[in-house]
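*Asks:* Sharing a structure, written as structure tokens. Questions coming.
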Amino acid sequence: MAVTQRNWDALFAARTRGDVGEGIAFVLGFLGRPDLISFAGGFPDPLTFPRERAATLLAEFAESGEATAFQYTPTQGLAGTLDAVAGRLDAVQGRRPADDELLITSGGIEALELVGKTFLDRGDLVVVEGPTYLGAIMAFRGFEAEIETVPMDEDGLQVDELERRLDAGLRPKLLYTIPDHQNPAGVSLSAERREALVELARRHGFLVVEDVAYRELTFGDETLPSLWSLAPDVVVQAGTTSKTFLPGVRLGWAAGPAEIVAQLVSGKQNTDQCSGALGQRMLEEYIRRGWIDEQVVKSRALYRRKGERLLAAVERAMPDGVSWTRATGGFYSWLTIPGCDTTELTARAAEAGVGIVPGALFYADGRGGENVRLSFSMVDESLIDEGIDRLASLLA
Ligand SMILES: Cc1ncc(COP(=O)(O)O)c(C=O)c1O
């Protein structure tokens, strides 16, 4: 029987027309191209996955007859996992959230989605730094928010420029920032700007959404205070375990004022109801046994080595005029290639066997056309030089 072609598009909700784009699907699509030397996705190196420890924990749960790991959980998270994550935040950020200030989420992205769901009506204003994490742009656009971009420099978001715009009448509900080893720019927000930013939030009555996805993956010794630890009254922190544990369990957290966390929990009831128990129990044990601390030390060394190799290759191979940021942690370097259409370059690079992400995906306003994000996290170390040589030869 012939199937009638229907026009479903006419029935789609207005929010689907919010120009969310296909950015995340585009980047995840690189996982299906193992033939590429890929600097594309911000994926952790599989060398960091705790395979044996994960197997040990699963066997323990099964053999001990434990039901919790295989059951639904409270929407806010398992009490033990909340306690372990709270303890870790205390250890690494110097502040322990109270019991009603923390929520376990299904990845960092769910924390952002829940913040959007809680705060954003159509036309509400969100300020982001430019460039920024495309998943955040997509999450906020999904709620039909307006997005205003404030520029960054090597010290992160230009807080003085933000202040100027606020004084001129800008009225955001939310300000989204990635203060540590930013995605995609690889820079961090300076200590002075952190203090200034939270003061602006207090003065102008907006909420800071702090994304700490790469905070622990610093290459040096210096860590600056998290915005949430500086100002827990005006900051919601969105965290993820995807880069330090494993993305296969899709776990993260949101920490913030109790009144806001209660709304996030409420919103989570009809997204996924609760984050997966199996992952939560694994994460709890992974933290309690000190395994996460051991892994973070190894991961830092690995990503540092790869980052240095990438920068050396870029330095050696890129033609004059090209510039790039020098990551001190995280996964990324941000290239500026004057006069180049980097969307077109991305297609040509893929033909030459190299995966990159065009800069325009990291802006909400069409900028970034001369930029490229290079990720050094997952690419095989021995292929970095070859990949950068191929990319550079396209620019010659
Ligand atoms: C800045 C930033 N925030 C959040 C996420 C999402 O993390 P998750 O995989 O836990 O959803 C990512 C992942 O790349 C990221 O780069």
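The values are calculated or read from the model by the stated rules, or taken from the named source; none is laboratory data. As the structure is a computational prediction, the values presented were derived from the model and not from experiment. As a convention, Cβ positions derive from the backbone with ideal geometry for all residues, glycine included, and neighbour counts pool all protein chains shown. Surface areas here come from the heavy atoms of the whole protein model, side chains and all, with no ligands, DNA or RNA. Shrake-Rupley method; radii C 1.70, N 1.55, O 1.52, S 1.80 Å.
*Asks:* What's the number of the only condition in (1) within 14 Å of the ligand (Cβ to nearest atom); (2) farther than 21 Å from Met378 by Cα that Pro225 fails to meet?
*Replies:* (1)
*Asks:* Given the condition under 29 Å from Asp221 (Cβ atoms) and away from the ligand (no atom under 11 Å from the Cβ), answer yes or no: does some residue in the range 166-175 qualify? Steps first, please.
*Replies:* Within the range 166-175, the subset under 29 Å from Asp221 (Cβ atoms) is 175.
Subset that is away from the ligand (no atom under 11 Å from the Cβ): 175.
Yes, that holds for at least one residue.
*Asks:* Another one. Using beta carbons and a limit of 6 Å, which pairs, at least six apart or on different chains, have the first residue in the range 49-73 and of a type outside the set (A, V, I, L, M) and the second one open to solvent by less than 60 Å² (accessible area, probe 1.4 Å) and not in a loop (DSSP other than H, G, I, E, B)?
*Replies:* Arg53/Trp291; Phe61/Ala69; Gln71/Ala277; Thr73/Ala277
*Asks:* Now for a separate question. Restricting attention to the range 248-276, report how many residues are crowded, with 21+ Cβ neighbours inside 10 Å and either more than 22 Å from the chain's Cα centre (by Cα) or aromatic (Phe, Trp, Tyr) (or both).
*Replies:* Total meeting the criteria: 1.
*Asks:* Of the residues Thr81, Thr105, Thr56, only one is more than 16 Å from the ligand (Cβ to nearest atom) and not aromatic (Phe, Trp, Tyr); which? Give the derivation first.
*Replies:* Working: Thr81 fails: more than 16 Å from the ligand (Cβ to nearest atom); Thr105 fails: more than 16 Å from the ligand (Cβ to nearest atom).
Just one listed residue meets the conditions, Thr56.
*Asks:* Turning to a different aspect of this structure: Just to be sure before I move on: is Arg141 within 16 Å of the ligand (Cβ to nearest atom) and surrounded by fewer than 23 Cβ atoms within 10 Å (Cβ to Cβ) in the structure I sent?
*Replies:* Details: within 16 Å of the ligand (Cβ to nearest atom): yes; surrounded by fewer than 23 Cβ atoms within 10 Å (Cβ to Cβ): yes.
Spelling it out, Arg141 is indeed within 16 Å of the ligand (Cβ to nearest atom) and surrounded by fewer than 23 Cβ atoms within 10 Å (Cβ to Cβ).
*Asks:* Here's another thing I want to ask about it. Take the residues in the range 240-271 that are in a loop (DSSP other than H, G, I, E, B) and hydroxyl-bearing (Ser, Thr, Tyr), then tell me which one is farthest from the ligand (Cβ to nearest atom). I'd like the intermediate steps shown before the answer.
*Replies:* So in the range 240-271, the residues in a loop (DSSP other than H, G, I, E, B) come out as 241-246, 250-251, 256-257, 269-271.
Going one step further and asking which of them are hydroxyl-bearing (Ser, Thr, Tyr), we end up with 241-242, 244, 271.
Numbers: Thr241: 7, Ser242: 4, Thr244: 10, Thr271: 13 Å.
Ranking the qualifying residues of the range 240-271, first place goes to Thr271.
*Asks:* Turning to a different aspect of this structure: So which residues in the range 108-127 are within 11 Å of the ligand (Cβ to nearest atom) and open to solvent by less than 40 Å² (accessible area, probe 1.4 Å), if there are any at all?
*Replies:* Gly108, Glu110, Ala111, Leu112
*Asks:* For the range 144-171: of the residues being in a helix (DSSP H, G or I) and among the basic types (Lys, Arg), which is most open to solvent (accessible area, probe 1.4 Å)? Give the steps one after another, and end with the answer.
*Replies:* Kept after step one, since they are in a helix (DSSP H, G or I), are these residues of the range 144-171: 159-167.
Still in the list and also among the basic types (Lys, Arg): 164-165.
Values: Arg164: 138, Arg165: 51 Å².
Filtering first and then ranking leaves Arg164.
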